[in-house]
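Notes follow once the structure below has been shown.
Read-outs: derived from the displayed coordinates by stated rules, not from any lab. Predicted model, so just to flag it, every value in this text is computed and none were measured. Backbone-built Cβ (ideal geometry, glycine too); neighbour counts: all protein chains shown.
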Amino acid sequence: MSSTHTSRNRRAVHLHPPVQTPCMKMKLPLSISTPSRSALVLGSVLIGLLPSPLWGQGSIVAWGAEHLDQVALIPGGTEFTQVAGGGYHALALRADGSILSWGWDNLGQLSNTPGGTGFTQVVTGGTHSLALRTSGSIVSWGGDFHGQVSSAPGGTRFTQVATGDWHSLALRVNGSIVSWGADSAGQVSALLHL
């Protein structure tokens, strides 16, 4: 059985089936959102940034399945501006532009996370991740079964990145979109016909 919850300005959250969380006594699916913060589903784990006196502005909260440390290893603190959840790994972007990662590291999802500061966005696919630098360049790491890492475009004229499970997209300054990775359903080639 599938359950879906939608609300204005929020994406649908799907869980199969809805679960009761014992510690919080809430039924999932649960949509948590404010104008600048939201929660997302990571596999069967919900993670997000919540502005709340209980957790503190910019802190990360996660709950759900705990078989690959997706919940137990979330970073503490309140200096986070963004989170992203992949297949079994997650990323958090700190206010200083540095990246933290946790979860499963079977394909370099954690061990190849770039160090330093100067990042403005992080996104995760099934087993790969992308980060956008303040310079507009893209850094990619993790699983590369379909070229989703090795085929990332070079250059510094990008303003946004996005991922699917096995493909990635980037928005250029001029408004054009670049795509790479798996193309089993036209995720990459369909852009050529727009």
**Prompt:** In percent, how large is the relative contact order of region 77-150, given Cα pairs closer than 8 Å and 6 or more residues apart?
**Reply:** 25 percent
**Message:** Let me check I've understood the local charge: for residue 117, count other residues with C-beta under 10 angstrom from its C-beta, Lys and Arg +1, Asp and Glu -1. What total comes out?
**Reply:** +1
**Item:** HN-Hα J in Hz across region 94-109 - Karplus 6.51, -1.76, 1.60, θ = phi - 60°, x for Gly and Pro
**Value:** 7, 4, 7, x, 8, 10, 10, 9, 7, x, 8, 10, 6, 10, x, 4
**Fill in**
Counting Lys and Arg as +1 and Asp and Glu as -1 over every other residue whose Cβ sits under 15 Å from the Cβ of residue 171, the net charge comes to +3
**Item:** In order through region 144-159: 3J(HN,Hα) via Karplus (6.51 cos²θ - 1.76 cosθ + 1.60), integer Hz, x for Gly, Pro
**Value:** 10, 4, 10, x, 5, 9, 5, 9, 4, x, x, x, 10, 10, 10, 10
**Karplus 3J(HN,Hα) series, Hz, for region 123-128 with 6.51 cos²θ - 1.76 cosθ + 1.60 (x for Gly, Pro)** = 9, 10, x, x, 9, 10
